[in-house]
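Here is the structure we will look at, set down as structure tokens.
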Amino acid sequence: ARGVIERGPPVIMNAAVTNNNNTITAPRGARRVSGGPARRVAAVTRGAPCRATSMPGTPTTKLKDLKNCIEAQQFDAEMLKELFVIADAMAEVKPGSPESRMLQGFNMATLFYEPSTRTRLSFEGAMGKLGGGILSTESAGEYSSAAKGETLEDTIRTVEGYADIIVLRHFSAGAARRAANAADTPVINAGDGPGQHPTQAL
């Protein structure tokens, strides 16, 4: 089986997919998904013969229902254990392996209104390591339409037209929650000023 990411909410599961992104096989207990713009599925390698990987299967805790990552309090102990198992598996992905292409066809937007080195590069490095595309703006407050008075909510609605997931760093507490409320695309809080920084906490 191949590792697959399903959009809305993102779920890691094992399945085989065809070139047109329709699921053709799945293990017992796995949820069937189909292709199309609203529920796009990306294969580790499209059109390649299926073979087993060491990637974790479908999450079994409340992690499977998590759409946005806004605050550390969203995670309980079981979710954290499962998340760290997945993270350990991802850390072992080798360049050029089938797993290194599991996010091929997906784009992540990093929308940073504050300076950041470690946080921004950790997200972009991880997405790149798994074959995904990166749309990045390092100084969104200065070099985006926000400089012309566009609201955060309007910016998020525009960005989600290009991205499958948005990573937001903002100077205002509660900005990530506002972004998540405005977006259909999953939002990860990469720090909202004096508010939360859940991925750093993890």
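Values for this structure:
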{"quantity": "Number of the condition not met by Thr58 [criteria: (1) without any contact (Cβ under 8 Å) to a residue 40 or more places away in the chain; (2) open to solvent by 30 Å² or more (accessible area, probe 1.4 Å); (3) more than 24 Å from Leu168 (Cα to Cα)]", "calculated": "(1)"}
{"quantity": "Any hit, segment 184-193, residues being out of contact with any strand residue (DSSP E or B) (no Cβ under 7 Å at 6 or more places or on another chain) and open to solvent by 40 Å² or more (accessible area, probe 1.4 Å)", "calculated": "yes"}
{"quantity": "Selection count where residues are within 17 Å of Ala180 (Cβ to Cβ) and under 18 Å from the mean Cα position of the chain (by Cα), scope segment 108-123", "calculated": "6"}
{"quantity": "Residues of segment 70-84 satisfying the condition of being surrounded by fewer than 14 Cβ atoms within 10 Å (Cβ to Cβ) and under 12 Å from Gln196 (Cβ atoms)", "calculated": "Gln73"}
{"quantity": "Within segment 92-129, considering residues that are polar (S, T, N, Q) and in a helix (DSSP H, G or I), the one most open to solvent (accessible area, probe 1.4 Å)", "calculated": "Ser122"}
{"quantity": "Among (1) assigned to a strand (DSSP E or B); (2) free of Cβ contacts under 8 Å to residues at least 60 places away in the same chain; (3) in contact with a Gly (Cβ under 9 Å, 6 or more places away or on another chain), the one test that Asn189 misses", "calculated": "(2)"}
{"quantity": "In segment 149-171, residue most open to solvent (accessible area, probe 1.4 Å) [restricted to those that are assigned to a loop (DSSP other than H, G, I, E, B) and of a type in the set (D, E, K, R)]", "calculated": "Glu150"}
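The values are calculated or read from the model by the stated rules, or taken from the named source; none is laboratory data. Here the structure is a predicted model, which means the values were calculated and not measured. Quick reminder, even Gly has a Cβ in these numbers, built from the backbone with ideal geometry, and neighbours come from all protein chains shown. Remember, those area values only see protein heavy atoms, side chains included, never the ligands or the DNA or RNA. Shrake-Rupley method; radii C 1.70, N 1.55, O 1.52, S 1.80 Å.
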